[in-house]
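Participant: Please see the structure below; I have some questions.
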Amino acid sequence: MPEQFAADWLALREPADHAARAASLIGALQTALPRQRPLRILDLGAGSGSNLRYLAPRLAGAQHWRLVDHDPDLLAQASAHWPSAHTGSAPHIETHCEDLDTLVAHSLPSVDLVTASALLDLVSREWLESLAHRCAEQQVAVLIALSVDGRSAFADPLPDDGWILEAINAHQRGTKDMGQALGPDAPAAAAEAFQAAGYRVSLASSDWCLGPSDAALQQALVAGWADAAQAQDPAHQASLRRWYEARCARLPDQALRVGHQDLLALPCPR
C-alpha cells in the first residue's frame, strides 16, 4: 500500500473505528490492570496512533506506551498527534520501527497490556498462536480491537452483493506480508489461541455502522472491495464494474454495516 494512501485511509477510518469500539470491555480491563504505578502498554501495528488516541484517555493514571510498527512515517504521526483537547496528562510515548514477526519470535518487553487494532485479519494463525504464547509467559492482559469477522451488509441489497462479499472474504484469507492471513476467521482464531494459552476471553461486537455522513469512507471501502473482488474473481469484471457504479450512485443515502469483533483476554489466576 502506498505510504500516503495508507496514512489517508487510517485518518479516514479513525472516527468510525472509535465509534464502533466495544466500550463494555474497558471496565473489565481496568480492574485487571495495576493501579499503583504507571501502566506499561505495548501497541502492535500501531500505525498512526488511532488505538493510542482511543484507549489512553479511557485508562486511568499515568501511562507509558510503546508503539510498534514497520512504517516509520506512520509512527512519526502517532507520536505527534496526541490531541490537544485532551485535558488529562499526556502519556509517555516511545515508537519502535520493528517487524512484528521479529518481535513475536522473541520474548515481549515487560508490559501490563498488549493491545492492537485492525490487525488480526492480516496475520497468520501461527503468528497469532505465538503472540498468545508470548503474552501468557508474562501473564499480561490483552485487548485487540476491530478484527473483521466477515459480516457485511448494505441496507439496500443489490443482487450481486452476495458473491462479491464472498469474494472479498476469500481475498482477505490470501497470503499477506505475514503469511496466510486469517481474514474474517481472525476473531474466532484469536479466542481459541488465547483460551488455549490459559486466558479468559470475552468477545464483543464492534461493527462499523456507516450512513450518509460517512460517504467518503464508504466510497473508499467500496473501491477497495471492488479491487479485492476483481483480484479474487477476475472473470466477472463487467458485473463487478456495474456493481461498483451502482454502489457509488447510492452513496448519498446508503447505509452499510461492517462486522468487527473486539477481544479482551485476561490471564486465569494461577
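The values are calculated or read from the model by the stated rules, or taken from the named source; none is laboratory data. Quantities reported herein were computed from a predicted structural model and do not represent experimental measurements. Here the Cβ is made from the backbone with ideal geometry for all residues, glycine too, and neighbour counts use every protein chain on show. Just so you know, the surface numbers come from the protein's heavy atoms only, side chains and all, with ligands and any DNA or RNA stripped out. Shrake-Rupley method; radii C 1.70, N 1.55, O 1.52, S 1.80 Å.
Participant: Which pairs have Cβ atoms under 8 Å, sit 6 or more apart or on different chains, and link a residue in region 209-234 that is in contact (Cβ under 8 Å) with a residue 24 or more places away in the chain and farther than 15 Å from Asp160 by Cα to one that is of a type in the set (D, E, K, R) and part of a helix (DSSP H, G or I)?
Facilitator: As it stands, the answer is Leu217/Arg13, since those pairs meet every condition given.
Participant: For region 178-192, enumerate the residues that are in contact with a strand residue (DSSP E or B) (Cβ under 9 Å, 6 or more places away or on another chain) and either more than 16 Å from Ala145 (Cβ to Cβ) or free of Cβ contacts under 8 Å to residues at least 60 places away in the same chain (or both).
Facilitator: Across region 178-192, the qualifying residues are Met178, Gly179, Ala181, Gly183, Asp185, Ala188, Glu192.
Participant: Just for region 130-163: of the residues that are closer than 19 Å to Val111 by Cα, open to solvent by 60 Å² or more (accessible area, probe 1.4 Å) and not polar (S, T, N, Q), which one is farthest from the chain's Cα centre (by Cα)?
Facilitator: Per the stated criteria, the residue is Glu137.
Participant: The conditions are (1) touching a Ser or Thr at 6+ places or on another chain (Cβ under 9 Å); (2) closer than 30 Å to Leu113 by Cβ, and Cys209 fails exactly one of them. Which is it?
Facilitator: Evaluating Cys209 over (1) touching a Ser or Thr at 6+ places or on another chain (Cβ under 9 Å); (2) closer than 30 Å to Leu113 by Cβ leaves (1) as the failure.
Participant: I'm told Val148 meets every condition in (1) under 30 Å from Arg241 (Cα atoms); (2) not acidic (Asp, Glu); (3) not in a strand (DSSP E or B) except one. Can you identify the failing condition by its number?
Facilitator: (3)
Participant: Among the residues of region 235-270, which ones are touching a residue at least 40 places away in the same chain (Cβ under 8 Å) and charged (D, E, K, R)?
Facilitator: Scanning region 235-270 gives Arg242, Arg247, Arg250, Asp253, Arg257, Asp262, Arg270.
Participant: Look at region 47-69 and say how many of its residues are open to solvent by 60 Å² or more (accessible area, probe 1.4 Å) and closer than 15 Å to Ala118 by Cα.
Facilitator: 0
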